[in-house]
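Trainee: Got a structure here, written out as structure tokens. Questions coming.
No value in this document is a laboratory result; all are computed from the given coordinates. Owing to the predicted nature of the structure, the values given are computational and were not obtained by experimental measurement. When we count neighbours, we look across all protein chains shown, and the Cβ atoms used for this are built from the backbone with ideal geometry, even at glycine.
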Amino acid sequence: MLALSHYNSSASPFLPPFSNGSGEMVEARVFVEGLSQQGNYTLVQPTTSGIIVVVLSMTLGIISNIVALFILANAYSLQRRRSKATFLLFATSLVITDFIGHLIPGALVLRLYLFGGVRPEDFNTSDGMCQFLGGSMVFFGLCPLFMGCAMAAERCLGVTKPLLHSSLVTTTRTKICLSVIWLAALCVAMLPCFQLGSYAYQDPGTWCFIKVLSDTEAVDVAFVVLFSGLGLTSLAVALVCNTISGLTLVLARLRRKPGSHHSARSHDIEMVVQLVGIMVTSCICWSPLLVFGLMSVIRSYTGSIGENLSNYKMLMVMGVRLATWNQILDPWVYILLRRTVLRKIYLIAKCQAGLRGNILSRWEPTSFPSSEKKDVSQV
């Protein structure tokens, strides 16, 4: 969704130059260091290595999503099973959302980074770009979570109740469901436009999010609770649905008679494996930001954050960096967890196991008595 990089605290682009003598240079340095230690000023300056990391991260995310989109579009055009086509429609929409969510906020963050960010005293303010960037983060954060939940519920219905699934789930209803998901995420992201919450620049001044660390009000707490609650609920529902689907497929495979073949089950297994990959990726990438945001806004609103403010700033930055990787890792779930790739991995592993078995068979204990008897006969 966006890329954040480290800052160098050796200088600041907002400080006026001091060049009237070495004494004034020393006094200026002491003055600036004192402000930094008191917490009244944050010394930031973008580094060349940081910009390279941002560009590489954006490039990797764009390439990954384009490759996954090409694979999904090709599979969708060749698919004849309606249940698989519905899943591919969901997956393609998710990859498109990830692609746009990685490109637009990432470009805005890169622009802020190149211009040195905003002043620390302006962290609690919000201009037009901050409103758009914060809304983009909320929108493109909720959409993948909602879609992952909807995909898990659809597969759970398809695995446990295939007849009901075939009568209820259609391509038209799937498109309506996707429209509702996008509309719901957009409504949540636009709540600050109606004074129901607010966006603000976050430390180190290169990204915007819901106001969680200072000057928080009751509406900010409600906004964060809504955002985190919806995200965590989506992850929990996806976990339950994928667990039910996985157990159903395992039980069906155990009950299958020897020699019988069910091609439909192989498609179901592939889809459930991909959904589990999406769920694990989303949990790892998004849970820290959802939890840290909830903890930060509650501590800030109750006034108990105290000297731990810097720690919570660090947690928020770490959480958004992990969330950034969701748009990069999601496409690789479809690239790597396909039947063709998994079959090749299985064949390679089976071949390696067979080679090891042949090597071990040469050193089996049963081979030694015959050799000993041969030696005795020769004597």
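Trainee: Given the pairs 175/344; 84/344; 211/313; 84/161, which are separated by over 23 angstrom at their Cα positions?
Mentor: Details: 175/344 34 Å; 84/344 21 Å; 211/313 12 Å; 84/161 15 Å.
Pairs exceeding the cut-off: 175/344.
Trainee: Then there's this: Hey, rough spin-label estimate for residue 186 and residue 247, points 7 angstrom out along Cα→Cβ, what's it come to in nanometres?
Mentor: Roughly 3.9 nm, to one decimal.
Trainee: Also, quick follow-up: Using the Cα gyration tensor of the range 47-356, with a ≥ b ≥ c the square roots of its eigenvalues, what is the shape: rounded (a/c below 1.5), prolate (a/b larger than b/c) or oblate (neither)?
Mentor: Details: a/c = 2.15, a/b = 1.81, b/c = 1.19.
The shape class here is prolate.
Trainee: For the peptides 301-313, 149-161, what is the packing order when you average, over each peptide's residues, the other Cβ atoms within 10 Å and list the highest mean first?
Mentor: Going by the mean number of other Cβ atoms within 10 Å, highest first, we get 149-161, 301-313.
Trainee: Extension gain residue 56-residue 280, at 0.36 nm per residue separation less the Cα-Cα distance, in nm?
Mentor: Computed gain between residue 56 and residue 280 is 78.2 nm.
Trainee: How would you rank 98, 268, 127, going from fewest to most other Cβ atoms within 10 Å of each one's own Cβ?
Mentor: Least crowded to most crowded, the residues run 127, 268, 98.
Trainee: Another question, if that's okay. Per-residue counts of other Cβ atoms within 10 Å, averaged by peptide: what ranking do you get for 183-194, 225-236, highest first?
Mentor: Details: 183-194: 15.8, 225-236: 18.2.
Result, highest mean Cβ count within 10 Å first: 225-236, 183-194.
Trainee: Another question, if that's okay. Sorting check: for 281-287, 128-134, which peptide has the highest mean count of neighbouring beta carbons within 10 Å, and how do the rest follow?
Mentor: Details: 281-287: 20.1, 128-134: 18.3.
With the highest mean Cβ count within 10 Å placed first, the list reads 281-287, 128-134.
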